[in-house]
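Quick notes on the structure that follows.
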Amino acid sequence: MLLYTLDLALTPYDDAWALQKRALAARISGELPEDLLILVQHPPVVTLGRSTKPGHLLASAEYLEAQGILLREVERGGDVTIHEPGQLVAYPIVDLKRHKKDLHWYLRQVEEIVIRALATFGLECARVEGLTGVWRLRPDGTRAKLASIGVHARDWVTWHGVALNVENDLSTFNHTVPCGIDGVEMSTVARECARAGLSAPSFADVQHAVTSAAGDVFTISPLALPTPLRALLEQASA
């Protein structure tokens with residue numbers, strides 16, 4: 001089995017959201033014959049998942065708009081999440097009928113992808129019991145969150161995904177209670193590597209590591225999405 005990959009570079013959230021929906025429909029119908037990993041960065045956007053609680057958005061829609069920050073309510077699970085340039089967002093369009101029909105299992109696999117990817121740079125990260133995502137557990141006993149996860153599925157095909165802070169400045173996070181966790185400290189791969197005395201990997205290196213880890217975790221081989229299939233997804237929006 002293959003894992004098609006599609007690098008959208010810096011793409012507006014709404015465009016990538018629409019492409020996800022097209023890819024989801026194509027995966028369900030079989031027009032997209034293999035799983036797909038969409039990789040992207042977004043301009044600043046706040047997304048509100050289905051579990052967002054009152055008070056977790058600290059700024060009004062009008063204020064965010066004035067700052068050039070989009071606000072979107074989305075289908076995924078989870079609470080409020082931020083996307084901004086320098087953050088790697090990965091949207092796996094995965095048919096769980098070919099893997100395991102269990103969304104809790106799937107969440108753990110997505111966490112595992114990030115944990116394995118960062119371990120290749122010597123940055124050891126982990127899960128925190130009861131909290132979805134990936135964390136850096138520091139030697140001094142403190143912890144910081146590096147990756148947030150929120151997913152949705154239809155007919156056992158997944159969409160939405162994981163946001164990994166690589167080298168973003170985290171400024172957009174000031175407008176929320178990230179993931180609805182009071183007192184959470186958000187950090188980036190670059191910052192945590194600096195704290196640990198490690199060389200920070202490039203964004204491209206992190207993207208490559210995530211792609212490779214996704215193939216390993218799901219036991220499928222990454223391959224760039226063939227041009228005819230990319231054209232199929234793009235034509236669907238016309």
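For segment 117-137, a residue qualifies if it is open to solvent by 40 Å² or more (accessible area, probe 1.4 Å), within 24 Å of residue 76 (Cα to Cα) and not polar (S, T, N, Q), and the qualifying residues are 127, 129, 130, 131. From the list 149, 181, 220, the lone residue that is of a type in the set (A, V, I, L, M, F, W, C) and out of contact with any strand residue (DSSP E or B) (no Cβ under 6 Å at 6 or more places or on another chain) is 181. Return yes when residue 141 is assigned to a loop (DSSP other than H, G, I, E, B), over 19 Å from residue 27 (Cβ atoms) and either open to solvent by 50 Å² or more (accessible area, probe 1.4 Å) or among the charged types (D, E, K, R) (or both) and no when it is not. Considered against the rule, which asks whether it is assigned to a loop (DSSP other than H, G, I, E, B), over 19 Å from residue 27 (Cβ atoms) and either open to solvent by 50 Å² or more (accessible area, probe 1.4 Å) or among the charged types (D, E, K, R) (or both), residue 141 comes out as yes. Just one of the listed residues (104, 99, 175) is surrounded by fewer than 19 Cβ atoms within 10 Å (Cβ to Cβ), over 14 Å from the mean Cα position of the chain (by Cα) and on the phi < 0 side of the Ramachandran plot, and it is 104. Listed here are the strands (runs of 3 or more DSSP E) enclosed by segment 12-93 that have at least 3 residues being closer than 22 Å to residue 212 by Cα and either open to solvent by 10 Å² or more (accessible area, probe 1.4 Å) or aliphatic (A, V, I, L, M) (or both): 35-41, 87-93.
The values are calculated or read from the model by the stated rules, or taken from the named source; none is laboratory data. What you are looking at is a predicted structure, and each value in this text was computed from that prediction instead of being measured. Cβ coordinates were reconstructed from backbone atoms using ideal geometry, including for glycine residues, and neighbour counts include every protein chain displayed. To get the accessible areas, we keep the full protein, side chains included, count just its heavy atoms, and leave off ligands, DNA and RNA. Shrake-Rupley method; radii C 1.70, N 1.55, O 1.52, S 1.80 Å.
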